[in-house]
Each structure stands twice: as structure tokens, then as C-alpha cells.
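What follows draws every value from the coordinates through simple rules; no lab data is involved. Just so we're clear, the structure is a prediction, and the values are computed from it rather than from any experiment.
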């Protein structure tokens, strides 16, 4: 296990991923604050607020851990919590919670279809969109940043030869897939075909 070098214990506050997580938590609280005080929606609000908080707190805890491996693992917890929140936002938009359907502050005019939401870019964020959609887009942006940070830690652990076994296996499998893809393309480019039994023969003119 490689120990992380001593650094500013509050350095995480300078990370873009932390700043985005902080905003996401704040905006989630604003969103859920508009939910009606019914058992179902109160439970949903509590879960969404917990997911948003967990995302941010795991970034903080990972930063303060002693090893790069632990930091990486806690970012994984943050990714999972963020995914829960994103899915809740999508469930709201799909109409799983009828109590929220008529609240314009949350749903807007519902001009967008569910399939169209996936096509909306998360950056720059369109503040004219309904809050439920904005929340999901913030989650997508945060997921992008978390994965980017995780990849940088994988590279660091790989260079330090401290990469966990399952991550080394994942990298090896990705390289094999890339090689197989390159080989298939090269076979075609050279005028050959690969048969179902694995044999490679020249393509008939």
C-alpha cells in the first residue's frame, strides 16, 4: 500500500469535483424542499438529500485517507451515491411520483420527453430547464468528473505498481479487446475474412 504524501487536509475544497458536489447538494435540498409533505415524497426527499450528501462526503473522506487506493475506493462510493440521485431525478421525470407532476417549480411545463433529456448536454447548464432535469444533468456532469479523477488515480497507482489486482485485470482485458478490434479491422483491410471456426482466409473477389 502506497502512502499518500502529506498535503493540505482541506485541499479537497479546491477540487472542481468537490465544488460541483457541493452545488449539487445545495440544489438537491432546494428541489426536495418543494416536495409535498406526504409519506412517499418525504421519504424520497430524505433519500435524495442523503445521496447528495453522501456523494460530497465520500470525496472528502477519500481525500483524507492515507493511501491512493483508499482514495480511489471512496470515489467509487461517491459515484454510487451520485448514481442513486440521478436515477431518482429520472424517476420523477418519468412520472413515478404523481404528487410531483403538477408542481411547475419541479417539472416545468414538461415540454421535454424522457428520451430527449439524454440528449441535453450537461455543460453549460440551461437554467431554464425544470429543476428535476437540472438535477439530473448536474449528476451526469459530476459522474464525468468523478470518473476522470478515478482514471488519474488508476494511472498513478499503475506507475507506483500499487494498482489493485481487479484493476490490473480490467486494464488487461481492455487491452485485449482493443487488440482484437485492431486485428479484426486489419484482417478486413488486408482483404481477408475471419471464419466462424477462427480460420482466416482471403476474401473471394
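The alpha carbons of region 11-163 occupy a box of 54, 31, 24 Å along the principal axes, longest dimension given first. Extension gain for the segment residue 16 to residue 50, taken as residue separation times 0.36 nm less the Cα-Cα distance, is 10.2 nm to one decimal. At full extension, residue 185 and residue 122 could sit 19.3 nm farther apart than now, given 0.36 nm per residue minus the alpha carbon distance. The stretch between residue 43 and residue 193 holds 48.2 nm of extra length on full extension. This uses 0.36 nm per residue minus the Cα-Cα distance.
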